[in-house]
Structures are given as structure tokens and as C-alpha cells.
1. Being within 11 Å of the ligand (Cβ to nearest atom) and in contact with a strand residue (DSSP E or B) (Cβ under 9 Å, 6 or more places away or on another chain) is the filter here; which residues of region 125-145 pass it?
2. Pairs needed: first member in region 25-53, under 23 Å from residue 81 (Cβ atoms) and surrounded by 14 or more Cβ atoms within 10 Å (Cβ to Cβ); second member anywhere, basic (Lys, Arg) and at pLDDT 95 or above; C-beta distance under 8 Å; at least 6 residues apart or different chains.
3. Identify, please: which residue in region 170-187 is more than 8 Å from the ligand (Cβ to nearest atom), without any contact (Cβ under 8 Å) to a residue 40 or more places away in the chain and buried (at least 19 other Cβ atoms within 10 Å of the Cβ) and is, among those, nearest to residue 51 (Cα to Cα)?
4. In region 97-119, what residues are outside any helix (DSSP H, G or I), away from the ligand (no atom under 15 Å from the Cβ), under 25 Å from residue 147 (Cβ atoms) and not hydrophobic (A, V, I, L, M, F, W, C)?
5. Output the number of the condition that residue 33 fails; it satisfies all remaining conditions of (1) closer than 20 Å to residue 211 by Cα; (2) under 11 Å from the mean Cα position of the chain (by Cα).
Amino acid sequence: MNMNEDLREKIRNWRLYVITDRQLAGNKSYEEIVSEAIKGGADVIQLRDKFASKDELINVGKKLRQITIEAGVSFIVNDYPEVTKIVDADGVHIGQKDTSFAEAKKIVGENKIVGLSTHNKEQILEAIRMGVDYIGVGPVFETTSKENPDPVIGIELIKWVSQKCDIPFVAIGGITLNNLDKVLSSGARCITVISAIMQASDIKRATEQFKKIINNFFYHNDTTNTTIYNQKDKTILY
Ligand code: 3NM
């Protein structure tokens, strides 16, 4: 397996991707937010803080790297390839207007993940051409967690990418416990959440509620037949 396939294999096992938002989480510390999300079943944590300086991100990133390593959870840094490298995160997530994919990969190195946000078919096809490790596809629904979000793509684009494209993707934007089932039924294998988890008074419980629905969905709809589930709580055994 080459490095790219190795990374993609890891990404394909992601089911719940939780992005931090300190403002939405009130006065909780980063350590608290992330530990609670991990206890609730997050598979990936992304450090996203549009207000923090690089030094602050490095400081927090080092602590979150330690917590995620101990839990065996993937750790992604938003926007900053240099910070990713310094804190030894698993990868970086970039937007369409940030550092280019090639530049980000050059900075973080071949063995790190580079994810890219996409908002339409053209951007998705371009990401595939470039060999991006995974893409974000969104916003699926209206979102208030991003400044100037792109137009809502709806579940139609989730269906399209899941049926037509062989690139790992995570669905993002306005996903809540109420519409989660629609996104899963459209073919998404990883769900990304900010506000529905960050704004919850109990982050662990909110994460658990998402994970329970996701596990239950794959228990009943996994067509690959390679996963062994715990019959009692539908969690993945291996
Ligand atoms: N990226 P919430 S939507 C960070 O469309 C981000 O790429 C998006 O937050 C995209 O779960 C979004 O609170 C915000 O809607 C997602």
C-alpha cells in the first residue's frame, strides 16, 4: 500500500468528525471540549479557531495532540500547514482560498493528510485530479458557524459524490440530530459537526447521540460486510 492509500484507508474509517469552536462552546477550555467529544465517540477532532494567533494555535495544538494520541483519535488542524507540522497533527484542512493543496502537502509532508473544502462539482473533480486525501462537501444545509458560507448544496450533491466519486469525503454544514438520517441515507460515511455539538450544554452527551445514530445506521446498512459490530450497542468492534 503506498502512502496515499494508507492515509485514505484511515480516513475511510472516520464516521464522526467534530470541529472545535471556542466561541460557541462558551467558557469551556479546549482540553475539556476535546476530551468530552472523544468520550462521546468522535473519530476525528479538528482544531478550528479563526480568532487565535499562530502561537496560540501551536500551544493548544500540542495539548490536543497529546489528548488525541492517547485516545487513538485523528487530529487535524484547520488552515495552517506550519502549525500542523510543528504540533505533529495527522493533517491539515484547507479551504478553496487558502494555501494550495500542493503547497500544503509540501509543508506538512507526504505522510500527513491534506483535506480540502469543496462546494460544487467542479471543485470536487479538481480535488480528485489533484489527489487530495479527503474533501469536505458542503454546506449541506444552512449554517451559521461559517462567515460567508457558500450556497447550500443540499443532499443531492452528497448523493452525487457518494455514487460517482471514489474520494473519501465528509459531509458538513447545518447537520443536526434531526437531519442526520437524511445525510447518511444519501451516502455520507463521515459526518462533520460544529454547532450541534459545540453549543450543547453537555458535549459528551451530544456527541454520543450523533454517534449512536451513525453506528445504528451502518449496522443496518453496511454493504461491505467487513465490519464486525458489537450486537449490544452497535459500536464497531473491528
Ligand atoms: N465549512 P455547523 S460549512 C466550517 O461548506 C464549515 O465547507 C463548511 O458548522 C463548508 O455544523 C461549515 O455548525 C460550518 O453548521 C459547519
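The values are calculated or read from the model by the stated rules, or taken from the named source; none is laboratory data. Because the structure is predicted, anything quoted here is derived from the model rather than measured. Cβ sites come from the backbone with ideal geometry, for glycine too, and all protein chains shown count toward neighbours.
1. Within region 125-145, 135, 136, 137, 138, 139, 140, 143, 145 qualify.
2. If the second residue must be basic (Lys, Arg) and at pLDDT 95 or above, the pairs left are 30/63; 42/211; 43/15.
3. 171
4. Answer for region 97-119, where residues must be outside any helix (DSSP H, G or I), away from the ligand (no atom under 15 Å from the Cβ), under 25 Å from residue 147 (Cβ atoms) and not hydrophobic (A, V, I, L, M, F, W, C): 99, 100.
5. Checking residue 33 against (1) closer than 20 Å to residue 211 by Cα; (2) under 11 Å from the mean Cα position of the chain (by Cα), the one that fails is (2).
So that you can scan it fast, the table gives a plain yes or no per residue for (1) without any contact (Cβ under 8 Å) to a residue 24 or more places away in the chain; (2) within 15 Å of the ligand (Cβ to nearest atom); (3) over 21 Å from residue 6 (Cα atoms):
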{"residue": "62", "(1), (2), (3)": "no, no, yes"}
{"residue": "66", "(1), (2), (3)": "yes, no, yes"}
{"residue": "94", "(1), (2), (3)": "yes, yes, no"}
{"residue": "123", "(1), (2), (3)": "no, yes, yes"}
{"residue": "151", "(1), (2), (3)": "no, yes, yes"}
